[in-house]
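Visitor: Attaching a single structure in structure tokens format; questions to follow.
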Ligand code: ASP
């Protein structure tokens, strides 16, 4: 019943607002609608490629261009799907696939290394219409973990699978499986060595903790990837995929596959994908907290995102950010770290792309 009411209210809303451009080919200049057909189909997509200490002074022009190029390529894939009437779930999944396949990001190929020199991947996807969700943790052979998360959601009675069992499920479902070395990149391996070297030089526990965190914070673009989308049917979805944190131990699982922490979607409120220091996002139940602020306190998406990231997460000591969208197409890209790779595209194909902090770099 609630779903019906939501759909009805959006139908009414968009019937009064004839502003959408139907099936405009992606990448073409924005045009005003020429038909007098009443549109009822807003849509949009927002993505991130990780947050952290991302400073302009540490970035070369060519690397910056490379990040922007992949972000744009990825968001155009999702936007094209939405423009053609595809679902938000499909847009989220395919957009994330582009970033998983690109070694620049800490997801799929290019994932960070565990203390043992392995790549253990986490991912989650959630459907805001049904509140269905699927997630995987600690997989080492699945080329695109977000696709496995989707399979868990659609074709298993469970929400979260881990390790060997998740990989067995992937094989049974015919997903693409690769040798673990597929995920290796020299740059990520060197980051691990740097952290391990600095660990060796410290003796007491506090110093070790600092040694673990310092290079992580200084070195790291957390690098996780995520997408949230609104489709023409008014449904929102969220997905996130990551290699986790460099030097993680003991089969550590981060916030990404924990529904409500790093990933959450509910048509009644918003879809959220997070990136940052996962332990804090788990403890703060960050993605769900933004949704709850909207549901219980009637906050706007932007206000809820700002309170949770700038006030609550910061107070807890956590670092990172989120991207989010609601069923009206409002978006938020909020972070308390120096930077967050991010991009948004609305139904008119207007692209917003940024890397560093506020007012520094948003461009179209
Ligand atoms: N949130 C991820 C984790 O803690 C890391 C990241 O965002 O890059 O596993």
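Visitor: If you rank 342, 283 by fewest surrounding Cβ atoms within 10 Å, what's the result?
Guide: On the way: 342 26, 283 14.
Least crowded to most crowded, the residues run 283, 342.
Visitor: So how do 130, 240, 140, 60 line up by other beta-carbon neighbours within 10 Å, fewest first?
Guide: On the way: 130 14, 240 37, 140 20, 60 8.
Listed from fewest to most nearby Cβ atoms, that is 60, 130, 140, 240.
Visitor: When ranked by the protection proxy of mean other Cβ atoms within 10 Å per residue, highest first, what sequence do the peptides 64-76, 245-257, 225-237 form?
Guide: Listed from highest to lowest mean packing, they are 225-237, 245-257, 64-76.
Visitor: A further question on this structure: What's the ranking of 321-329, 286-294 by average number of surrounding C-beta atoms within 10 Å, highest first? Spell out each step's value before the answer.
Guide: On the way: 321-329: 26.2, 286-294: 24.7.
Per-residue Cβ counts within 10 Å, averaged per peptide and sorted highest first, yield 321-329, 286-294.
Visitor: Once label points are set 7 Å from the Cα along Cα→Cβ at both residue 176 and residue 53, what is their separation, rounded to one decimal in nm?
Guide: Placing both labels 7 Å beyond Cα along the Cβ direction yields 3.5 nm.
Visitor: Taking the Cβ-Cβ separation of residue 251 and residue 348 as r and a Förster radius of 45 Å, what is the calculated FRET efficiency to the nearest 0.05?
Guide: 0.50
Visitor: Give the separation of the Cα centroids, segment 240-278 to segment 295-315, in Å.
Guide: So the separation of the two Cα centres works out to 18 Å.
Visitor: When you count, for each residue, the other Cβ atoms within 10 Å and take the mean per peptide, how do 334-341, 158-165, 50-57, 261-268 rank with the highest first?
Guide: Going from most to least packed, we get 261-268, 334-341, 50-57, 158-165.
Visitor: Can you give the extra length, in nm with one decimal, that the chain gains between residue 72 and residue 296 once fully stretched, where that is 0.36 nm per residue apart less the Cα-Cα distance? Intermediate results must be reported in sequence, preceding the final value.
Guide: Values: separation 224, 0.36 × 224 = 80.64 nm, distance 3.51 nm.
Residue separation times 0.36 nm, minus the Cα-Cα distance, leaves 77.1 nm.
Visitor: Rounded to the nearest 0.05, what FRET efficiency do residue 154 and residue 84 have when you use their Cβ-Cβ distance and R0 = 25 Å?
Guide: The pair residue 154/residue 84 has a calculated efficiency of 0.75.
Visitor: Right, something else. Remind me, what semi-axes does segment 230-364 give for its equivalent ellipsoid, largest first in whole Å, using sqrt of 5 times each Cα gyration tensor eigenvalue?
Guide: 22, 18, 15
Visitor: Compute the orientation-averaged projected area for segment 222-276 from the convex hull of its Cα atoms and round it to one decimal in nm².
Guide: 3.9
Visitor: Once every Cα of segment 88-139 carries one equal point scatterer and solvent is ignored, give the base-10 log of I(q)/I(0) from the Debye formula at q = 0.21, 0.22 Å⁻¹, two decimals.
Guide: For segment 88-139 at q = 0.21, 0.22 Å⁻¹, log10 I(q)/I(0) is -0.82, -0.86.
Visitor: A follow-up question, please. Can you give me the Cα centroid spacing of segment 66-127 and segment 144-175 in angstrom?
Guide: Here the two parts' Cα centres lie 17 Å apart.
Visitor: Restricting attention to the alpha-carbon atoms of segment 43-128, what are Rg (one decimal) and Dmax (integer), both in Å?
Guide: Computed over the Cα atoms of segment 43-128, radius of gyration and Dmax are 14.5, 44 Å.
Visitor: Ranking 102, 184 by Cβ neighbours within 10 Å, fewest first, what do you get?
Guide: In increasing order of surrounding Cβ atoms, one gets 184, 102.
Throughout, read-outs are computed from the coordinates displayed, never taken from laboratory work. Not measured: the values here are computed from a predicted model. Positions of Cβ are backbone-derived with ideal geometry, glycine not excepted, and every protein chain shown enters the neighbour counts.
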